[in-house]
Amino acid sequence: MTVRRALFAARLIDGTGGPVQDDPVLILNGDRIEEVTSADAWKRRAGSDPVEELHYPGATLTPGLIDGHVHLALSGADEADEVLAEFMDAGEVRLVAMAGENARRCLASGVTTVRDCGGPGTMITELRDAIAAGVMVGPRVLSSGMPITTTGGHCHFFGRIADSEPEVRTAVRSLIRDDVDLIKVMATGGRLTPNSAMLQPQYSPRELVALVEEATRLGRPVAAHVLSTEGIRRCVAAGVRTLEHCMWQDEDGRYAIDDATLERIRQDGTFVSLTVVGTMRTAWRAYREDPAGAPLPAALATRFAVEAEMIRRGVAYFVTSDAGVPACRFDEFPFSLAVATEWLGLTPIDAIAAATSKAARALGIDDWVGTLEAGKDADVLVVDGDPSDDVLALRDVRAVFQRGALRVVDGRVATAPSRRRYQRPAPTVRRTRRSA
């Protein structure tokens, strides 16, 4: 039986970056948003249709948050050595349990969609399907499966190894056989992996072109981990969809934007994933407590200045967390948005859009989620206070609706729905085109 609900609150932020709506009523019909209206308009037609009324005085309605870069199979422990040791020492059952708990924490904090950018084997795609089938409760998951990397390259310990153009094509085909939603490539080395040459490209231009060609032929977008300017150039030339981290560093670690490449990013509509990670949150908390005694570290100040310049020049961007890497916990995404307002110059409304509508466009799921509009999936976050004034109000979770189902009440996650028979996993969003 389809349930119609009317959610009443003090204000509504629709995720588009537009103004706050006062005294809204959000009508949910089953798993979809039916209408956004006002309390006055609702009063004039009260009683005309059967509906369950849910009142949240003083609260704000926003779209469910979208964290477009997480690693559910990593712990988010304080130090890199801890993260690596826990991953390496854990058996498969423990990793599955941890990934499931991390997913639950995401949902409890108001994140209704995550894009997992790399995990072992088929673990995360199977977790995705378990959530979709109602075996467990968690956010909608888009999964890259294993990231494509080189022998000894970044995250080789859970990656799909490919060291040549033919191997890259085979890796893409193998991952799509396993039903991933996107292809993730480690285009440069990375901090988490010893001896991976963080600022050096891992793949030649021809290899990256082959990778993108194969993924495009088979209907999957490509996300590229990239920490150097030369890596960015190669990824942009190859046509990746999202640039993860997008750090403009030369081989000596100096920051400098390549103007021609940045202009191509803007013109091509390539999306930049601004990963505001746990160490940045830690620096921000210390600064908030004692601005004089804990100023923004120089290296972070330079990085944020470069990222703010990208935003100023009009690139398509979204804010992500890289949850699972050191000191980056899954229930603290609003702190990444707070850092973006303080040190990237975003307004709270901009920051919310960067984690809702802009993230949905980057991930290719904006037909379904990312805004509170009629016809979209009923993914709704209800928080106390006014996040348009202080984005950390997103931490005060009253309720989370996921496709119309009330999944979280006052921070407590509901159990998985009781199932009377076997259910096949629901199709992933990329295979499901539904009219509004």
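The values are calculated or read from the model by the stated rules, or taken from the named source; none is laboratory data. A quick note: this is a predicted structure, and the numbers were derived from the prediction, not measured. Virtual Cβ from ideal backbone geometry, glycine too; neighbours counted across all protein chains shown. Surface accessibility is based on the protein's heavy atoms, side chains included, excluding ligands, DNA and RNA. Shrake-Rupley method; radii C 1.70, N 1.55, O 1.52, S 1.80 Å.
Annotation: peptides 381-388, 307-314, 108-115, ranked by per-residue average of other Cβ atoms within 10 Å with the highest first, follow the order 108-115, 381-388, 307-314. Taking all protein chains together and rolling a 1.4 Å probe, Asp331 ends up with roughly 50 Å² accessible.
Which percent of the accessible area of the chain is formed by carbon and sulfur heavy atoms (probe 1.4 angstrom)?
Details: 8500 of 17550 Å².
Answer for the chain: carbon and sulfur cover 48 percent of the accessible area.
For Lys376, the lysines whose Cα comes closer than 17 Å to its Cα, not counting residues fewer than 8 places off in the same chain, are Lys358.
Separation of the range 92-157 and the range 205-272, taken as the distance between their Cα centroids, equals 24 angstrom. Full extension of the segment from Ala90 to Thr347, taken as 0.36 nm per residue of separation minus the current Cα-Cα distance, would add 88.4 nm. Can you give the Rg/Rh ratio of the chain, where Rg is from the C-alpha atoms and Rh is the Kirkwood radius? On the Cα set of the chain, Rg over Rh gives 0.96.
For the range 66-78, putting each phi into the Karplus relation 6.51 cos²θ - 1.76 cosθ + 1.60 with θ = phi - 60° gives couplings of 10, 9, x, 8, 9, 9, 5, 8, 10, 8, x, 4, 5 Hz, in residue order, rounded to whole numbers and with x for Gly and Pro.
Sort 258-270, 368-380, 85-97 for me by packing, meaning the mean count of neighbouring Cβ atoms within 10 Å per residue, highest on top.
On the way: 258-270: 15.2, 368-380: 22.3, 85-97: 13.5.
Put in order of decreasing packing, that is 368-380, 258-270, 85-97.
Model label points for Ala414 and Tyr56, set 7 angstrom from Cα along the Cα-to-Cβ axis, are 1.4 nm apart.
Our coupling estimate for the range 51-63, obtained by passing each phi through the Karplus curve with A = 6.51, B = -1.76, C = 1.60 and θ = phi - 60°, is 7, 8, 9, 10, 10, 10, x, x, 9, 10, 9, 9, x Hz, Gly and Pro reported as x. The slack in the chain from Asp163 to Arg264, taken as 0.36 nm per residue of separation less the alpha-carbon distance, amounts to 33.6 nm. Positive-end ranking of Gly385, Leu406, Tyr287 along the dipole of the chain, with charges on Cβ about the Cα centre, is headed by Leu406. For the range 32-45, backbone phi angles converted through the Karplus equation (6.51, -1.76, 1.60; θ = phi - 60°) give residue-by-residue couplings of 10, 7, 8, 6, 10, 9, 10, 4, 4, 5, 5, 4, 5, 10 Hz, Gly and Pro being listed as x. Considering only alpha-carbon pairs that sit under 8 angstrom and 6 or more positions apart, the relative contact order computed for the chain is 20 percent. Accessible area per residue for the chain is 40 Å², calculated with a 1.4 Å probe on protein heavy atoms, without ligands, DNA or RNA. Largest GNM mean-square fluctuation across Trp343, Trp284, Trp42, computed for the chain with C-alpha springs under 10 Å, falls on Trp42. Take the Cα of Asp49, step 7 Å toward its Cβ, do the same at Thr216, and the gap between the two points is 4.3 nm.
Over the chain, with a Gaussian network built from C-alpha contacts below 10 Å, which listed residue (Gly121, Gly364, Gly293) shows the highest mean-square fluctuation? So, out of Gly121, Gly364, Gly293, the one fluctuating most is Gly293.
The solvent-accessible area of Thr60, taken with every protein chain present and a 1.4 Å probe, is close to 0 Å². How high is the relative contact order of the range 178-220, in percent, counting Cα pairs under 8 Å that sit 6 or more residues apart? Over the range 178-220, the number comes to 34 percent. Taking Cα centroids, how far is the range 22-42 from the range 339-417 in Å? Using only Cα atoms, the two centres lie 16 Å from each other.
Taking packing as the residue-averaged number of other Cβ atoms within 10 angstrom, the listed peptides 150-163, 216-229 run from highest to lowest as 216-229, 150-163.
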